[in-house]
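Heads up: the structure comes next, in structure tokens.
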Amino acid sequence: MKPLTYLLFLFTIAPVLGLAQNGTLKGRVYDALNNEPLPFAVVVVDGTQYSGTTDLDGNYVIDGVPAGLYNITCQLLGYRTSTIYEIQIRPSKPAQVDFAMEQQTQELNEVTVTAADQFEKKAESPVSVNVIGINEIQRNPGGNQDISRVIQSLPGVATGVAFRNDIIVRGGGPNENKFYLDGIEIPAINHFATQGSSGGPVGMINVNFIREVDFYTGAFPSNRGNTLSSLMEIKLKDGRSDKIGGIFQIGASDVGLTLEGPLGKKTTFLASARRSYLQFLFSALDLPFLPTYNDFQFKTKTVFNKHHQLTVLGLGAIDNFELNTAANETPEQRYILNYLPVNEQWNYSIGAKYTWFAAESYTDVVLSRFMLNNSAFKYQNNDENQEQLLDYTSQEIENKLRLEHHRKWGGIRINFGGGFEQAKYNTLTDDKRFANGFVLNYSSDLMVYKWALFGQASRSFMDNRIDLSLGLRADAMDFSPTTSNLLNQFSPRVAFSFNFSDELSFNANWGIYYQLPPYTTLGFRDQVTGELVNTEVGYIQNTQYVAGFAYIFPFSGRLSLEGFYKDYQNYPFLLNDSINLANLGGDFGVIGNAPAESTGKGRAYGVELSYQQKLYKGFFGVAAFTYVRSEFTDKNGEYIPSSWDNRFFASITGGKKFGKNWEVGIQYQFLGGAPYTPYDVVATANIQNWDNIGFGIPDYDRLNSQRLESFNRVNIRVDKKWFFERFSLDVYIDIQNLLGDEVAGQPFLDVQRDSNGDPIVDPNDPSQYLLTSLPNQTGTTLPTIGLIFEF
């Protein structure tokens, strides 16, 4: 009862201590193209009488703003009005809000604010883009301040019933997504990631670093390649420049510390470290596995002068996945312990972006490195004195260089550039004698070089009535003669918008996109000859068509209706299992390390209806409804439902800010049942198969022929904030799956065991074990009390 007593004590005395209730808003207003300061811009705290004007250096300061959450608007003649939503004002530190202003393309005699100014629309990506801010991420019910979970409330993104962060966008697999921090690519953003895919149970990115997220589900700009389903552009904030500060945080699964401040007159920093205690929760729930993770993140930004600046950032994780062998009382626990390996994984990304501003342009030079180390081992009966069933080690390394130039020529906005990359992949399984004489001796070492060219031009016509953008991109790699020809991966894209009014617009996009298969597929070698097997595998091609309407309301709301069609070609088809690689990636382990050929095809199509309400008179929310069909070819060339064919899913998230800094949010999620492949009973019961694999073998002759039940979930979160002169405090209660709804997953297929726990041999067939079916229920209510202490 002590934690509850402390919490009640805090709620009692905090109002007495919280005397300081006013804060400061400051920042810089500058031209987005050349970084020149913009004097005489007016910055307004929406809904209040507080405002300020920038000086000759583009700086402004607004003092005495009451503590709270506000939208901030900047206006300047000749520039498009800009609004930044949900800025937290607190007495303990100034709120830094900078505005990068875009020039208007038509002549204006006065500043006007329209509904369209509330939601930025990019000419190159007028469809399939959602923008979410830091407060929307932090307060998302059930999101646990994890960006991968938060975006599951957006249109086109399917949620998951299990404890994973797989991002399933518009019927595409979880390996079809790409992530960038401040323009630097970060291949891994989840702990315990599936090698060859992008999912995992917990996000790595510290949300205290985030300023805003642009999430693309299509219409990808040409400077971003190697993605088929989504692109996440995460914009990080800069460290504070006045003094050292930080955030201490305890959440559902981890404890962390973030520090920020100056490193001299020209450099600021952000740094954080987090440590999980998820293993204690899993142990208390008698789960047979105990995950432990650590992550570290930093960012420095050096502004040498208004023409030159440098950003350096890093993100890393150390993950350990151990077995809880004491949790072996139920058949379900023993089944999981029988096949689940011990896994150790670490990865890091580090990068630098140098930006040079000229009179009418700017240039980015980006250099980055990523490394993943993934190992797993398994012993018979989880006893290291018995036969070793698995001994796997693999590494992936990417070194990248990218140059981008942005400029304006007349009324045309142009960006162009190129990239070069060195990628290494290796894997090793030691030559060991496994159970029943089965031997696996597989190793590979692969190095490839990649290069790309891209360009995009955008222009508005008829006084901004029409927006048109044309993008071109070409990628290549020295893996084979086919992949080394840029023209074989030529990727055009066109975006079009017609604005009927400031509020209503029709938007469309067409594009051809390419993505490499995972390194596990490219680097797969013959166990006997050591030669690469999949030399005919090339880039996956995806042609997308998107069109829809958007209407922006004057009360900071946006209604959108979009239809989409995605046509997949050249998807790797795994020959041993006769399954398209697109159906894999939603589980732990490794995917794609098998013989394959680029013969797979697929299609995903559907419609999305969404409404986003930015903060307005204390209300906020997002409602998204998606109907999608996702189908890929089987071994007979027939289109069948893919593993991501949930058909219909919906998410409704809403909340209200009340007086005295109380806030309540609630979320409802519905997920249609996904297809699954039933087990091959005969193959699973085979003694040699079971002793080496330990779980059910799918019957790919009946690929995705059965379907799970639909799933409903309600999450709720309540926040209470206090503001003091030197610090602020946020105490929250977050309850995931409030109603405790359960869904039956695919039943486990296990062997029958005798009183000693040994498998029972089928008396009618000595080569087979007797089998039994075990229930697989998902759906646990998970309450959390969290604390965010900011100083």
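Values as computed for the structure displayed
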quantity: Rel. contact order, % - alpha carbon contacts under 8 angstrom, at least six apart, region 354-477; calculated: 20 percent
quantity: ³J(HN,Hα), Karplus 6.51/-1.76/1.60, whole Hz, each residue of region 288-302, x for Gly, Pro; calculated: x, 9, 10, x, 10, 9, 9, 9, 9, 8, 8, 8, 10, 9, 10
quantity: The chain - mean residue ellipticity at 222 nm from DSSP helices (-39,500 (n - 2.57) per run, n ≥ 4, rounded to 500); calculated: -2000 deg cm²/dmol
quantity: Under the Karplus curve 6.51 cos²θ - 1.76 cosθ + 1.60, θ = phi - 60°, whole-Hz ³J(HN,Hα) for region 515-527, x wherever Gly or Pro sits; calculated: 8, 6, x, x, 4, 4, 7, 4, x, 5, 10, 5, 5
quantity: Most positive-pole-ward Cα, Leu574, Leu428, Gln103, against dipole of the chain from beta carbon charges; calculated: Gln103
quantity: Size of electric dipole in the chain: Cβ of Lys, Arg +1 and of Asp, Glu -1, about Cα centre, debye, nearest 20; calculated: 2620 debye
quantity: Solution diffusion estimate, µm²/s, Stokes-Einstein, region 432-578, Kirkwood Rh from C-alpha pairs, 20 °C, viscosity 1.002 mPa s; calculated: 112 µm²/s
quantity: Spatial separation of Cα centroids for region 671-690 and region 706-769, in angstrom; calculated: 20 Å
quantity: Burial ranking of peptide ranges 64-75, 624-635, 760-771 (average Cβ count within 10 Å, highest at the top); calculated: 624-635, 64-75, 760-771
quantity: Mean-position separation - Cα centroids, region 442-502 and region 606-669, in angstrom; calculated: 28 Å
quantity: Peptides ranked, highest mean first, by Cβ atoms within 10 Å: ranges 645-657, 354-366, 91-103; calculated: 645-657, 91-103, 354-366
quantity: Anchor Lys656: aspartates and glutamates whose Cα lies under 20 Å away (excluding residues fewer than 8 positions away in-chain); calculated: Asp46, Glu86, Glu136, Asp719, Asp730, Asp734
quantity: For region 21-98, Kirkwood radius (reciprocal of mean inverse C-alpha pair distance, Å); calculated: 12.5 Å
quantity: Over the chain, relative contact order from alpha-carbon pairs under 8 Å, at least 6 apart, %; calculated: 11 percent
quantity: Phi to ³J(HN,Hα) by Karplus 6.51 cos²θ - 1.76 cosθ + 1.60 over region 620-625, Hz, x for Gly, Pro; calculated: 7, x, 9, 10, 9, 10
quantity: For Phe289, distant residues with modelled amide H under 5 Å away; calculated: Asn324
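No value in this document is a laboratory result; all are computed from the given coordinates. Here the structure is a predicted model, which means the values were calculated and not measured. Don't worry about glycine lacking a Cβ; one is built from the backbone with ideal geometry, like all the others, and counts go over all protein chains shown.
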